[in-house]
Structure formats: C-alpha cells, structure tokens
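Input: a single structure, listed below in structure tokens.
The values are calculated or read from the model by the stated rules, or taken from the named source; none is laboratory data. All of these numbers come straight from a predicted model, not from anything done at the bench. Using ideal geometry, Cβ is built from the backbone for each residue, glycine included, and neighbour counts are taken over all protein chains shown. These area figures cover heavy atoms from the full protein model, side chains too; ligands, DNA and RNA do not enter into them. Shrake-Rupley method; radii C 1.70, N 1.55, O 1.52, S 1.80 Å.
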Amino acid sequence: MQKLTNLLMNPILVKEFRGRMRSWKSILILVLYLLIIAGMTLAFIYMQGGNSRYMNPGRSREIFMVLCVLQLGLIGLVTPGLTAGVVSGERERQTLNILLTTQLSPTKIILSKLTSALAFIGLLVTTTLPLYALILLYGGVGPGQMLAVFGYYLIAVLLFGSIGIFCSSWFKRTGVSTVIAYGITVFILGGTGAAALMLQEWLRYVNRMVTTPVEFTEFFYVAGLNPVAQMLSMFSPDILLPVMNTAHVGAEGFPLPAWLYYLLVYVPLIALLLFLSVRLLSPVKRPLFTRKARKIQETQEVSSK
Amino acid sequence: MIRIVNLTKRYGKFLAVNHLNMHIPAGTVFGFVGPNGAGKSTTMSVLATLLQPTDGQAYVGGFNVVEEPAKVRELIGYMPDFFGVYDNLTAVEYLDFYAGAYNIPKEKRPALIQDLLELVNLSGKANAYVDTLSRGMKQRLGLARCLVHDPQVLILDEPASGLDPRARIEMKDILKELKRMGKTIIISSHILPELAEMCDLIGIIEQGELIALAPVDQIHEQVAGHRVLRIRLTDRAEEAYAQLHYLEGVVHAEVDGNTLLIKYAGDDHGQTELLARLVKNGLPVLSFAEEAGNLEEVFLTVTKGVGS
C-alpha cells in the first residue's frame, strides 16, 4: 500500500497532472479530439443508414472498425505531441540540470513522464466510451474484442510515447524532436502499410504463373507491423494473410498468432527506446559491459594510489 | 568536505579543466574566481554529478561523484548560473515538488516550506505563480529550492548574476545567514569585492588551471608576491617614507596625504622591524595595518585578460 501511495504521490506525476489540468491547451485538445471522433463516427453512421430514419444494427461491426481506426489515428496524432517535448522541454526551460541533481533517478523521470502522457491519452479515450456504448448496444462486437482493441491502444500509446520520449532525450530542441517523432509515427502507421501493399503486389507478380493455392506468409511479417492492420485482423484475418488460387483463410493460417508477433516486435522495441532514453538522460553514464567497466575501475584504482 | 584530485575535463580538443587539485574543509565558504570559460562552471557541474570528468576524481563528503552520485546528491544543493522555473506552479507548489523529489515526507513539507520562504524573504509570495516573480525573487526561490533537503554543501554558480543592487544585497545577506548555519558553500561570482566579504577561501582559475588558492586575506600576497601595508600617521609622512623606502623587502612606497602605502615582500619579522623603526624614530604612527588587497586588482593581475 505504501508503495502504491509513493507511486501515486510521485512528485513528477503530481506536477505534470497539475500543470496539464491548469493549461487551456489540454481542454482544447480534449474538445477537438471528441469533436473529430464523434463527428466522423456519427457521420459514418448517418451515411451507413442512407436516407432511412433508423440505424441498421447489422452494420455496427463496420462502424466499430471505423471508430477503432479513427481512435488509433488520433492516438498517433496526439501522443508524439505530448511526449516529444518532455525532456527537451525541461532542457530548454533550463530545469533539467536541477531535476537531475535531486533524488529522482533518470528512470523514474522517464517513466513518470510516460505515465503522465499515458494518463492523458487514457482520459481522451475514456471520454469516447459513450460512442463504443452506442455500438455495443446494437451487438455485432463482443466484449472480448472490445478489450483487445483497448489492449492495442495501450501498446500503441506506449510505442508512440516511447518514440516521442526517445526523440526528446536524443535531440536537444523540441521542434526537431517533434518532427522526427511524428515522422517515425507516420512511418509505423502508414509506411508499414504501404510497404506491405508493395510487397503484396510484388508477390502476386512473382507468383503470377502459379496455379496451386499460395499463402503470402512473407506479407504477414510486414503487414503485422502495422497497428491498424493488426487491429483489423481481429475482424478479418485475410488483411494479414492474402492468398491466391484458394478461398478465404482464417487466423489459423498465420505462422504465429498476430497479436503475439505484434507484442514480440513492439514490446522489446518500447523497452529498448525507454532504456536508451534513460541512458541519454543520465548525466554520468556507467559502462554497459563489464570488461570495459572493470578496466575503468582498475584505472581509477591505480590513479587513486 | 570537498576534495578534487587531478580533475580533468575535455570537450573534444578543448581542455576545460586541467588537473585541478583542491580541498575545501567543512564549513568553509569558498569563492571561485575566474574569467568566463575558465572552467568554474565545469568544475561545479562535476561536483553536482552532472558531468563525467575525463580524468581524475572528485569527492563530496567522502563520496565519489561518479561512483556514488545518489549519495552525493543527498549532500548537495546546486544552483546553476542560469535556471528556469515551472511557470504553472505557485511558489509553495514549486518547493513542494522539489521536497517530494528529495523524498521529504508529505506531512513535514508545509512547515519546511514556510521556514524556507521566510529565510529567503518570500513569505508574502507563497501563493503567487512563479512566473509573476521578479528575477531576484526567482533567484531567491531557487536558493530556497537548494535548501529544501537541508544539504551540507551548497554549490552556487553565479547566484548574483543579473540582479539589481538591492537584490544582490538581499542575496548576500541570505548567504551570510547560511554561512552562520555552518554550510559549506562554493560560490562563483564576478562581483569580486562581494566574494572578499563573504568567503574564507578564494580559488582563482584560468584556462582550466588553478593558479591561486588561499584564504581571502592572503590571496593578494600569494598572487602579487608582496603584501600591502597601510601606515597612517598624524604627521610627517614624508619623513616616514624617507626612513623606510630603501629598506630590504620594500618593493614600492608612496605617500598619500598622511598615509604611507608600502608594498612589502619581506617576512613577518621584517614587518615588525618596520614598525619598530618608525616608533624608535619618534614618528607619530596612528595605525599600522596589512591590507587584504584589492581583489579586482588580484583578479586582473592573475588572469591578464587571457580569458576575455
């Protein structure tokens, strides 16, 4: 309990929450976020209904998919903006050096900043819950799928957040850090999809003379990197595994479960980015490898004698 | 309390600090003097665990700054030459944030913050947003922030820079109070007479090398190679000049009204003989005093403007 209290009373979190909730920008982001996501979802519902004056419940699955993609896109839009200035901003405000001389370790600083961004995105996503409730009301989507989607959101926020924090630790200026963080986010959200489509066309070209059934497993490994394709594969698995000369395949045709592949790639990447951010933030870097560390220690012992 | 052994710091080819050796006893106020770019801030950053030395060691309270930075941070309060504040916090919230950062229990913080604000004369601004404070007030708030965990050592890099005369005086008074509290203080400043008034020990650094380290009343002698004697007489100053100016050890002598100024390079025994000679010859000596020396002059003599 004491540990939990300490964690919740972490001074950086308290300061960040306080600062964020006092800023009109946060309210503006919240309003814009809701306007965009609700406006687009309701517009899609209206278009799906055509001229009829009722909602077609059979279409709720499609609406859910649109809402999920929209939400993921907006998370990709907001997260780098929230995180790409957390370290460089402290540096520019000339508060970083002071912070580093306190008892707060670089690890605690980085993780607190990430948690703060995560909490704000959590607030944004939570405010959109009524839209999900609207869809769940008409069926077509199970609570398990809903939870899985939120799992994908969590990984996406952690991924884009750690990219933002890494850029912020690496680049001294927030402007540069923000541009690079958005560049990488756009690549992950769009670039991996475009690369997968190009690969698909190339595979179709290479296999154009083949008449037997073909599954493009190579495609799975590229498309599986795309968060949007990953999330939609829950509803239609052939997004990640296109085939030729055969009927539609299910998720059982994947070389390994899609979510597992996603986690295997991105969780270590998130951990690596956070580790590098902590290392970049540490003013005095200890050698990573023991042999080098031992050599330095020996040199210091000799010089102290 | 602070020991620096062969400290060297290079930035590429630029040698910022070159084999610096220093020892500052506990309770000492140490003035760090040098032109811009001499290596003062670099040395202070190393002591504040913010910079890894290229070579050599530095210890604060017996802890190596590279090996045990967490323990060193418990002992020090660091105020850089330029620092920012979190604009969207009040003065109390600002200090509360740093109290939390130093793991001070929540229930102890209100009384502590009140005491600190009183110490730096900011009690009236407790609930004011930090961005509404003047530069001098922010500087004092920064000093209060340094003291939040009651550190034994204060590392203050140009704490009076950019302040108006009143703010300087206020800052000086707070530092004198901290000296009375027995803190070990390292302070760098370009306002040299201020340092002379506050410091016990002065170190002059140029181009990364320590060129003089002595108690403030001896620094002039150590640097210039002579001490300045001010002899006030009620009358017959010219006669006193004639008695002394040719003696061994007297480098220079000049008469200024009823005062005789002598640059003396001899020892203590020789100095007593000067006085004895004047008295023996019946000259009306009102006072015979050794001057601490003009620190500005010392600074200019030693640094020779190389850093500018």
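Shape call for the protein assembly as shown from the C-alpha gyration tensor, a ≥ b ≥ c root eigenvalues: rounded (a/c under 1.5), prolate (a/b greater than b/c) or oblate? Prolate shape, in that a/c is at least 1.5 and a/b is the bigger ratio. Here, chain B is characterised by an Rg to Rh ratio of 1.07, where Rg is the alpha-carbon radius of gyration and Rh the Kirkwood radius. So if R0 is 41 Å, what FRET efficiency would B:LEU247 and B:ARG166 give, r being the distance between their Cβ atoms, rounded to the nearest 0.05? Computed FRET efficiency for B:LEU247 and B:ARG166: 0.30.
In the protein assembly as shown, a dipole from Cβ-located charges (positive for Lys and Arg, negative for Asp and Glu) runs towards its positive end, and of B:GLN271, A:GLY89, B:THR184 it is A:GLY89 whose Cα lies farthest in that direction.
Charges at C-beta only: +1 for Lys and Arg, -1 for Asp and Glu. How large is the resulting dipole of the protein assembly as shown about its Cα centre, in Debye rounded to 20? Present the calculation step by step, with values, prior to reporting the outcome.
Values: 55 positive and 50 negative charges, 432 e Å.
I would put it at about 2080 debye.
Distant-in-sequence amide contacts of B:ALA16, defined by a placed amide H-H separation under 5 Å and a gap of 5 or more residues or a different chain, comprise B:LYS9, B:ARG10, B:TYR11. Distances between placed amide hydrogens fall under 5 Å for B:TYR78 paired with B:ILE155, all partners being 5 or more residues away or on another chain. The alpha carbons of the range B:220-285 give a radius of gyration and a Dmax of 11.2, 34 Å, in that order.
With a simple spin-label model that places each label point 7 Å from the Cα along the Cα-to-Cβ direction, the separation between B:GLU197 and A:MET21 comes to 4.6 nm. Are there chymotrypsin sites (Phe, Trp or Tyr not before Pro) in the range B:46-128 that DSSP marks as loop and that have at most 16 other Cβ atoms within 10 Å, and which are they? In loop regions of the range B:46-128 (DSSP not H, G, I, E or B), the sparsely surrounded chymotrypsin sites (Phe, Trp or Tyr not before Pro) are B:PHE82. Protein heavy-atom accessible surface, 1.4 Å probe, per residue over the protein assembly as shown: 48 Å². Filter the chymotrypsin sites (Phe, Trp or Tyr not before Pro) in the range B:231-293 to those in DSSP coil with at most 12 other Cβ atoms within 10 Å of their Cβ, and list the result. For chymotrypsin sites (Phe, Trp or Tyr not before Pro) across the range B:231-293 that sit outside H, G, I, E and B with at most 12 neighbouring Cβ atoms in 10 Å, the list reads B:TYR246.
Amide H to amide H distances under 5 Å link B:VAL29 with B:ILE185, B:ASP200, B:LEU201, where only residues 5 or more positions off or on other chains count and H is placed in the peptide plane. Of the trypsin sites (Lys or Arg not before Pro) found in the range A:107-199, not one falls in a DSSP loop while having at most 10 other beta-carbon atoms within 10 Å.
Taking each of A:LYS15/B:LYS106; A:LYS15/B:LYS71; A:LYS15/A:LYS113; A:LYS108/A:LYS285; B:LYS40/B:LYS172; A:LYS15/A:LYS108 in turn, the alpha-carbon distance tops 18 angstrom for A:LYS15/B:LYS71; B:LYS40/B:LYS172.
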